[in-house]
Amino acid sequence: MFRNNYQGGAVVEIFSGQGKDPAAKWKLCGGPSAIYKEYNKEVKGCVYCLDGSSQTVKMQMPENGKMSLGLLQRFLVLQVNVSHGHDFSAELVITDSEGLKRRLHLSTVHKEVSATLLHAKIPFVGLKRNWSTLCIDLVSLSGELFKGFLTLDGITLFATCKVRRIFTVRTEHAGMSDDGKVDGYMFRSGAGLMDLIPRSCQFPPDVNQVIQVFNRENVRKTDLRTGLSNSDCGT
């Protein structure tokens, strides 16, 4: 869907709550009572709300699962609000450097990292229960768990959450060592990454929000499954 689009700018916008029909290119599951658009006073704009069970309520792109997004930029950014007492999950379909489809399932339900040849479960460690800018380092996580990153080809968000905006962010090979391996040190806290995000994509300055980066360095702080780094899925 984006493969033939220009992706050399600072960001590629995937979703915004603004506009007449923001979810036109998304597959919505759960019905209008579970997925709906509303005006949010805090962010001074429209957001999409996903309420209900994560088993039945979700939004998926592309709408046709046989299609691929073809997104190339390193970071996927989710601007979401997750309420207290609710879980939140996101599943990402990537194509690795060998051309194989892999799935990254990030969730507040997961307590540790685990991986098979084609699928990895990653905890949303310390996810703040207010508006957050979640920066997912696709290159770093894919390099740690699979065989590198080529493209992001599918995104699914599961209830419960509010979604303001989804986009990818390009980097100028920052955090890349001389041998081509990803370091990611510069983006561990999110401060350096925010400098790359245009102001038009950021929250209004008076919004109480938290910036969180999910990369291999932060994931390693969780209880990794014994031997994960030495498995066939590692680097």
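The values are calculated or read from the model by the stated rules, or taken from the named source; none is laboratory data. The structure presented is a predicted model; accordingly, all values stated were derived computationally and were not measured. Backbone-built Cβ (ideal geometry, glycine too); neighbour counts: all protein chains shown.
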Arg102 passes all but one of (1) modelled with pLDDT of 95 or more; (2) out of contact with any Ser or Thr (no Cβ under 8 Å at 6 or more places or on another chain); (3) surrounded by 15 or more Cβ atoms within 10 Å (Cβ to Cβ); which number fails? (2)
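Name every residue in segment 156-196 that is outside any loop (DSSP other than H, G, I, E, B) and modelled with pLDDT of 80 or more, in order of residue number.
Passing the criteria: Thr156, Leu157, Phe158, Cys161, Lys162, Val163, Arg164, Arg165, Ile166, Phe167, Thr168, Val169.
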Of (1) farther than 25 Å from Gly9 by Cβ; (2) within 12 Å of the chain's Cα centre (by Cα); (3) buried (at least 22 other Cβ atoms within 10 Å of the Cβ); (4) among the small types (Gly, Ala, Ser), Ser89 fails just (3)
Under the condition of being of a type in the set (Lys, Arg) and out of contact with any strand residue (DSSP E or B) (no Cβ under 8 Å at 6 or more places or on another chain), which residue from segment 4-51 is nearest to Thr171 (Cα to Cα)? Lys44
All strands (runs of 3 or more DSSP E) inside segment 80-155 with 1 or more residues being among the polar types (S, T, N, Q): 89-95, 101-107, 131-137
Lys44, sole failed condition from (1) surrounded by 12 or more Cβ atoms within 10 Å (Cβ to Cβ); (2) out of contact with any Cys (no Cβ under 9 Å at 6 or more places or on another chain): (1)
Residue pairs within 9 Å by beta carbon, gap of at least six or interchain, first lying in segment 127-151 and on the phi < 0 side of the Ramachandran plot and buried (at least 19 other Cβ atoms within 10 Å of the Cβ), second part of a helix (DSSP H, G or I) and among the β-branched types (Val, Ile, Thr), listed first then second, are Ser140/Val219; Leu141/Val219; Glu144/Val219; Leu145/Val219; Phe149/Val139
Return yes or no: is Val43 closer than 22 Å to Ser200 by Cα, part of a strand (DSSP E or B) and hydrophobic (A, V, I, L, M, F, W, C)? no
Which numbered condition trips up Glu63, out of (1) of a type in the set (D, E, K, R); (2) surrounded by fewer than 18 Cβ atoms within 10 Å (Cβ to Cβ); (3) under 15 Å from the mean Cα position of the chain (by Cα)? (3)
Give the number of residues within segment 6-46 that are more than 18 Å from the chain's Cα centre (by Cα) and under 16 Å from Gly154 (Cα atoms). 2
Scanning segment 20-37 residue by residue, those free of Cβ contacts under 8 Å to residues at least 24 places away in the same chain and either touching a Gly at 6+ places or on another chain (Cβ under 6 Å) or not hydrophobic (A, V, I, L, M, F, W, C) (or both) turn out to be Lys20, Asp21, Gly31, Pro32, Ser33, Tyr36, Lys37
Among residues belonging to segment 197-210 that are of a type in the set (A, V, I, L, M, F, W, C) and modelled with pLDDT of 90 or more, point out the one that is surrounded by the fewest Cβ atoms within 10 Å (Cβ to Cβ). Val207
Can you run down the residue pairs with Cβ atoms below 6 Å, 6 or more apart or on separate chains, where the first is in segment 51-62 and on the phi > 0 side of the Ramachandran plot and the partner is assigned to a loop (DSSP other than H, G, I, E, B)? Gly52/Gly30; Gly52/Ala34; Gly52/Ala159
